[in-house]
Amino acid sequence: MVNLDMSKYSIVTMEEVPSTNSYALQNIAFLDDRTVIYTTRQTSGRGRYNRKWMYDDSENIYMSFVLKPEIINNYPFPNLTQYLSVVVCKILEKEFNMLPAIKWPNDILVNKSKISGILAESYTENNSIKGIVLGLGLNVNLKNETIEKIDQKAASIFSLTGKNYDCDKLTRKICDEFFENYNEFSEKGFEYIKDEYISRCFFLGTNIKISENGEKREYYAKSIDDKGFLTVLDKFNNESKIVTGDVLC
Ligand code: BTN
């Protein structure tokens with residue numbers, strides 16, 4: 001079923017679940033468009049490139065947007081994670097006065113430490129996409145001891161402010177912000193968020209390392225193109241586009 005009121009959504013709250021993305025994918029046939037699967041306790045979260053998404057005894061935001069666009073042809077699926085990264089940045093700015101930065105394509109950092117990650121997956125049947133699951137992990141109350149254990153520099157709202165926060169309220173704010181402009185984003189695609197996205201890409205104009213298919217390469221990060229791809233220069237000033245991969249900071 002497809003909602004006609006584009007700003008409407010529903011949240012399914014679960015006390016604990018191994019992975020909201022896995023749950024959404026397993027139940028996608030029964031879940032309506034614009035259903036959000038949400039928990040504060042996720043025990044087996046998945047990240048990009050088969051990485052694990054951390055958790056501890058604290059409450060954090062683990063959520064998956066189930067999206068079933070009516071017409072998939074021009075739907076900006078490749079830019080959905082970038083759209084969500086802008087949404088999360090806006091919430092961190094408005095609610096906590098933070099200055100979040102986006103690390104291409106969709107990691108969100110505060111003070112150079114990762115506070116949020118996004119994983120988009122799709123469910124296909126006979127080679128056509130039947131549904132999209134857009135997962136978001138936001139470290140809200142994750143404790144400093146947990147963060148110190150992982151090799152990647154990470155942060156939580158707690159580690160940055162010293163206070164615990166109500167995940168339910170914050171989740172609703174993220175959903176409101178996401179669905180407020182989702183309709184327009186679905187029609188216009190990356191162009192609709194390009195300026196807001198680029199203004200938060202702190203690494204543009206600097207030398208970066210990129211991991212592409214397991215190999216690390218050095219580039220100068222020149223710009224983000226109209227499709228959301230990263231335009232880079234190599235040491236011989238040859239220009240190329242990075243379509244998938246990770247910027248390493
Ligand atoms: C990444 O940075 O590698 C992406 C992390 C995505 C984690 C979220 S938490 C909610 C949803 N369920 C999952 O299993 N993963 C995503």
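Values for this structure:
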item	result
Test: residue in the range 217-237 that is open to solvent by 30 Å² or more (accessible area, probe 1.4 Å), outside any loop (DSSP other than H, G, I, E, B), closer than 22 Å to residue 83 by Cα and hydroxyl-bearing (Ser, Thr, Tyr)	yes
Residues located in the range 109-134, provided they are within 19 Å of residue 72 (Cβ to Cβ) and either in contact with a strand residue (DSSP E or B) (Cβ under 8 Å, 6 or more places away or on another chain) or in contact (Cβ under 8 Å) with a residue 40 or more places away in the chain (or both)	120, 121, 122, 123, 124, 128, 129, 130, 131, 132, 133, 134
Selection status of residue 64, more than 8 Å from the ligand (Cβ to nearest atom) and among the small types (Gly, Ala, Ser)	no
First in the range 82-99 and closer than 14 Å to residue 178 by Cβ, second anywhere and in a helix (DSSP H, G or I) and of a type in the set (D, E, K, R), Cβ under 7 Å, 6 or more apart	86/196; 87/177; 90/177; 91/173; 91/177
Residue check, residue 172 of a type outside the set (Gly, Ala, Ser), in the same structural domain as residue 78 (by TED's automatic domain parsing) and more than 16 Å from residue 106 (Cα to Cα)	yes
For residue 98: the one exception among (1) under 22 Å from residue 39 (Cα atoms); (2) surrounded by 18 or more Cβ atoms within 10 Å (Cβ to Cβ); (3) more than 16 Å from the ligand (Cβ to nearest atom)	(1)
Filtered residues of the range 123-167 (kept if within 16 Å of the ligand (Cβ to nearest atom), modelled with pLDDT under 95 and among the hydroxyl-bearing types (Ser, Thr, Tyr))	123, 146
All positions within the range 47-58 that are within 13 Å of the ligand (Cβ to nearest atom) and either farther than 30 Å from residue 248 by Cα or open to solvent by 70 Å² or more (accessible area, probe 1.4 Å) (or both)	49, 50, 51, 52, 55
The one condition in (1) within 10 Å of the ligand (Cβ to nearest atom); (2) within 25 Å of residue 145 (Cβ to Cβ); (3) out of contact with any Ser or Thr (no Cβ under 9 Å at 6 or more places or on another chain) that residue 81 fails to fulfil	(2)
Residue within the range 175-195 that is touching a residue at least 12 places away in the same chain (Cβ under 8 Å), touching an Asp or Glu at 6+ places or on another chain (Cβ under 6 Å) and open to solvent by less than 60 Å² (accessible area, probe 1.4 Å) present	no
Checklist (1) modelled with pLDDT of 95 or more; (2) over 21 Å from residue 168 (Cα atoms); (3) basic (Lys, Arg) applied to residue 94, failing item	(2)
Top-ranked residue of the range 206-215 - restricted to ones that are farther than 17 Å from residue 105 by Cβ and loosely packed, with under 11 Cβ neighbours inside 10 Å, ranked as nearest to the chain's Cα centre (by Cα)	214
Selected residue (criterion: nearest to the ligand (Cβ to nearest atom)) from residues of the range 34-46 that are closer than 10 Å to residue 19 by Cβ and open to solvent by 10 Å² or more (accessible area, probe 1.4 Å)	46
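The values are calculated or read from the model by the stated rules, or taken from the named source; none is laboratory data. Here the structure is a predicted model, which means the values were calculated and not measured. Note: ideal-geometry Cβ built from the backbone for every residue, glycine included; neighbour counts use all protein chains shown. Ligands, DNA and RNA are excluded from the accessible area calculation, which covers all protein heavy atoms including side chains. Shrake-Rupley method; radii C 1.70, N 1.55, O 1.52, S 1.80 Å.
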